[in-house]
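A short worksheet on the structure shown next.
The values are calculated or read from the model by the stated rules, or taken from the named source; none is laboratory data. Treat the numbers as computed from the prediction; the structure is a model and nothing was measured. Neighbour counts are summed over all protein chains in view; Cβ atoms, including those assigned to glycine, are modelled from backbone coordinates with ideal geometry. Surface areas here come from the heavy atoms of the whole protein model, side chains and all, with no ligands, DNA or RNA. Shrake-Rupley method; radii C 1.70, N 1.55, O 1.52, S 1.80 Å.
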Amino acid sequence: MSWQKELDELERRKQMAYKMGGDEKLARHREKGRLPVRERIEQLVDAGSFQEVGALSGSSVYDEHGVLTDFTPSNFLTGRARIDGRPVVLAADDFTVRGGANDGAVGDKLMASERMARDLQLPLIRMVDGTGGGGSVKNIENQGYTLLPKLRMWPAMAENLATVPVVSMALGSVAGLGAARVATSHYSIMVKNTSQLFIAGPPVVARIGQVLDKNELGGSSIHARNGVVDDEVASEAQAFAKARKFLSYLPRSVHELPPRSEQVAPAASDQSWLRTAIPTESRQVYKMRPIVESVVDHGSFMEIGNKWGRSLIVGLARIKGWPIAVFASDPYHYGGAWDKQASEKFIRMLDLAEVFHLPVVNLVDVPGFQIGLSAEKEGAMRYGVRALTAVAQSTVPWCTFIVRKAFGVAAGGHQSDARFNFRYAWPSAQWGSLPIEGGLEVAYKREIESAEDPDAKRREIEERVRSLTSPYRSAEAFVVEDIIDPSNTRDLLEEFIDVVIPLRKAGARTFGYRP
């Protein structure tokens, strides 16, 4: 008695599934600079670790004797694997089979992948390369009816955002539900020139009179700059590396704490250059990224979203091996003032820190919200107060360094004032309700206008007021807790980490209403 016949049939079916869309379609796929789905998985995860779920699902053809004669595999692969030894769930589209359209067993497998990640409390990585969620229009004729969109997988997707790290990569042209799945993640990536993302693709958009090619309509040059995706990379290999690095900072779920990596010293033991990093001329710009990279563990800073919301730098880094979330102003863009995009970017990163228990380090040079007609038209205040509400709702530890400007309502969000946080000022710091530049004209309008020489009077008032704006006067009144030598920033960050790391608590987080 032997089951060899059944085992041979199992192996035959697996080999048919591994052929994906067939040699011809695989060759066309490669010609477009895109890897077949199984090679993508091999490059992303630890060697030999992929445990596929549902490999035998697909569309079959049988003869009159019930013998399988043809098999088209499902164009959606899912299963478990390991990245750097840590378990993850994979969900990957196969464009070589029906263009990645959501046909056949795909809907059930997609649901299975989301539930697997949720119930096993494992990070989820989506490799999206499909044309949408409703399948091909041909299904209408094949089925004899149309489907009402119900998004039955969306509750599980929403739960995953609150429970496990979710990374999505757009690796081809993605539209409809495919595009939505990319955006519904903690970290999303597009590959320059070979991936596009849109609500509806060029053939549909042409019906409303807009004739555009794929990159003109939804290329990475658009979506990496409007915040729909976080980052743009030059190749699929770079996308896989980014995904692996992002996950290295996070726990497998909210029910664990972020893991510590090997301790790495900062780039230089001598931090004295920070004493001259900020120009004495308050209107002169400087580069913030070298400051960030100098005070965190060497090579640990992973910037996220550097092409959108550009007045704010955000990312992940480590101090003494412990993961942190980093916020830093970029004076090269609007002088560091927050516009709509900066506020959205701030909320997105702060929510990531809250959900996955990351302490926050904030380097502040904020002259306020962006001003002017364009700021008013785009609703900068609405998005700004949402960001400030996120700060008030925050529970993770904060360590803030005011390196230069902190003015207006926006700067008030440098940390929550409802509880104790670590806060330091560099000697270059200056703050207030309004910058002196511009604020004088409002506060002393009548005095300036009535003077024989308004310009001289303005200068006189400015000198008088500036003499009172020294941060040392504020320190005397305990407005700021301490003014420090910038070269001591790293030492203070290490002390911050030593104190707060034992205070972290695992578990799910919820947020209140944001206006």
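The table below lists the values:
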read-out: Residue check, ALA234 loosely packed, with under 14 Cβ neighbours inside 10 Å, hydrophobic (A, V, I, L, M, F, W, C) and within 25 Å of GLN43 (Cα to Cα); value: yes
read-out: PHE422 at pLDDT 85 or above, under 14 Å from GLU481 (Cα atoms) and touching a Phe, Trp or Tyr at 6+ places or on another chain (Cβ under 7 Å); value: yes
read-out: Helices (runs of 4 or more DSSP H) within region 307-396 that include 2 or more residues in contact (Cβ under 8 Å) with a residue 60 or more places away in the chain; value: 340-355, 380-393
read-out: Filter result (surrounded by 15 or more Cβ atoms within 10 Å (Cβ to Cβ) and either in contact with a helix residue (DSSP H, G or I) (Cβ under 9 Å, 6 or more places away or on another chain) or free of Cβ contacts under 8 Å to residues at least 12 places away in the same chain (or both)) within region 268-296; value: GLN271, LEU274, ALA277, ILE278, SER282, MET288, ILE291, SER294, VAL295, VAL296
read-out: Any chance MET116 is open to solvent by less than 70 Å² (accessible area, probe 1.4 Å), of a type in the set (A, V, I, L, M, F, W, C) and at pLDDT 95 or above; value: yes
read-out: Qualifying positions in region 297-338 - touching a Leu at 6+ places or on another chain (Cβ under 9 Å), acidic (Asp, Glu) and open to solvent by less than 10 Å² (accessible area, probe 1.4 Å); value: ASP330
read-out: Residue check, SER487 open to solvent by less than 80 Å² (accessible area, probe 1.4 Å), in contact (Cβ under 8 Å) with a residue 40 or more places away in the chain and within 15 Å of VAL403 (Cα to Cα); value: yes
read-out: Qualifying residue in region 320-330 (condition: more than 14 Å from the chain's Cα centre (by Cα), farther than 23 Å from GLU232 by Cβ and of a type in the set (D, E, K, R)); value: yes
read-out: Check on LEU493, open to solvent by less than 50 Å² (accessible area, probe 1.4 Å), of a type in the set (A, V, I, L, M) and closer than 30 Å to GLN393 by Cβ; value: yes
read-out: Hey, GLY85 without any contact (Cβ under 8 Å) to a residue 40 or more places away in the chain, under 26 Å from GLU256 (Cα atoms), open to solvent by 30 Å² or more (accessible area, probe 1.4 Å) and in contact with an Asp or Glu (Cβ under 9 Å, 6 or more places away or on another chain) or not; value: yes
read-out: Hits in region 397-433 - residues which are open to solvent by 10 Å² or more (accessible area, probe 1.4 Å) and assigned to a helix (DSSP H, G or I); value: GLY408, VAL409, GLY412, HIS414
